[in-house]
Amino acid sequence: MSPVRRVRPAVTLAVCVALATTGCAALGSASATSALTAKAPIPAAAARHGAGGANTAQVVAAANAFLATLSDEQKDTVLYDFDDAAKKTGWSNFPTPVVERNGLKLGDLTDEQEAAALKVMEAALSKKGYEELVEIRKADDYLASLPDTGGPGGGTPPTSPTATATGTPTAAPTGRPPGGGGGANFGSEWYYISFFGLPSRTGEFTLQYGGHHAAYNLTYAGRNVSISPTLTAVEPMEFNWEDLYYAPLEDKRTATVGAVQALTADQLAAAEIDGSFDDLYLGPGHDGPFPARPEGVLVGSLSRKQQAKVTTMLKAWVDDLDEKAAARLLAKYVSEYDKTYIGWSGGTTLDNDQTYVRLDGPSAWVEFSNQPGASTDGIHQHTIFRDETADYGWE
């Protein structure tokens with residue numbers, strides 16, 4: 001069932017104001033704009049937690065250019081109230097028919113509209129981050145080319161966390177539908193874009209973009225930006241598609257394994273997390289609470305070389321964001337190493353389908369989960385990045 005959209009009646013007029021320089025003759029009737037609502041102010045919490053440096057003006061310009069290509073009906077579909085509950089339910093690692101996404105499907109757009117939508121993501125992400133998004137979508141195209149054995153398009157949505165024999169909650173049972181192979185419900189056309197709150201240089205809004213194996217929730221408040229939560233995943237780890245070689249998430253898996261394998265034998269023993277994990281603990285559908293007691297070893301107690309490995313791991317996620325904002329956020333997270341823990345469960349190697357690694361700080365939360373292939377015989381990887389102080393913005 002598609003999420004209920006609660007678009008403010010003032011949206012169309014506000015878009016007209018934002019797009020005054022590009023023309024707005026066809027954006028809507030007077031009746032649709034009779035109840036203009038003031039822009040949402042930047043919350044005080046954003047000033048406390050935001051690191052600044054966001055290229056908000058460039059993202060807003062790209063968003064406005066995209067909105068200018070849309071019909072009134074399409075605008076009604078892509079624009080939501082900032083606090084619409086659909087924001088938290090319209091993203092997943094399941095194929096779209098299993099969990100409906102918010103906004104407009106890229107496969108339903110014209111070439112001009114799709115190009116404009118991708119320009120929004122290109123503005124919001126770094127060069128590295130955008131290239132990774134392109135490669136993740138290529139992986140879905142690869143899966144779509146495989147013989148359909150009936151699995152990926154069906155299945156059931158994620159369930160509540162289960163408990164192991166130790167009483168420690170795990171993630172949803174598998175995080176993937178039963179079966180295997182490819183099918184028509186995979187592919188780069190099954191990605192969606194939406195905005196919660198009107199894109200604004202001064203107000204607060206969220207850019208949500210995602211499909212099967214990528215989900216970005218980018219919240220802007222003036223010069224502050226949060227990338228929490230961001231899901232990136234891939235299956236398989238490596239593949240050839242249209243005569244080109246791809247290895248999405250290569251930096252994330254290499255840096256993660258490098259950080260945990262840099263620990264000594266005693267540190268590894270101390271860093272083992274109780275219980276087992278067959279998927280993400282705080283993935284789609286599980287927004288918290290964050291564990292009250294961090295597990296693992298304190299990053300602040302590690303040597304400089306070991307801390308540098310942890311920083312490289314963090315950068316693999318944070319550096320997906322535009323460069324200036326990423327640098328400021330990374331500095332904030334590194335400054336919290338005296339309260340940040342790194343831990344593991346199941347294994348510490350890339351060829352182990354039980355390997356699970358977690359970084360848990362006062363702000364930064366990273367999970368890396370290996371699991372058996374759902375559509376192929378290779379390793380299937382899910383990752384999540386959250387900021388505990390700025391999940392879906394600054395709550």
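The values are calculated or read from the model by the stated rules, or taken from the named source; none is laboratory data. Here the structure is a predicted model, which is why all the values come from computation and not from measurement. Every residue, glycine among them, receives a Cβ derived from its backbone with ideal geometry; neighbour counts consider all protein chains shown. To get the accessible areas, we keep the full protein, side chains included, count just its heavy atoms, and leave off ligands, DNA and RNA. Shrake-Rupley method; radii C 1.70, N 1.55, O 1.52, S 1.80 Å.
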Mean Cβ count within 10 Å, highest first, over the residues of peptides 223-229, 273-279: 223-229, 273-279
Where does each of 97-104, 333-340 land if you order them by average Cβ count within 10 Å, highest first? 97-104, 333-340
Name the GluC sites (Glu not before Pro) in the range 181-259 that are in a loop by DSSP and that have at most 15 other C-beta atoms within 10 Å, would you? 238, 242
When the scattering of the range 352-395 is computed by the Debye formula from its Cα atoms alone, each counted once and equally, what is log10 I(q)/I(0) at q = 0.17, 0.19 Å⁻¹? -0.56, -0.63
On the full set of protein chains, 1.4 Å probe, figure out the accessible area of residue 42 and give it in Å² to the nearest 10. 70
Would you mind listing how long the range 294-395 runs along its three principal axes, going by Cα atoms, in whole Å with the largest first? 40, 30, 24
Could you tell me how far the Cα centroid of the range 58-74 sits from the Cα centroid of the range 88-107, in Å? 20
Could you sort 83, 251 by their accessible area in this structure, using a 1.4 Å probe and putting the largest first? 83, 251
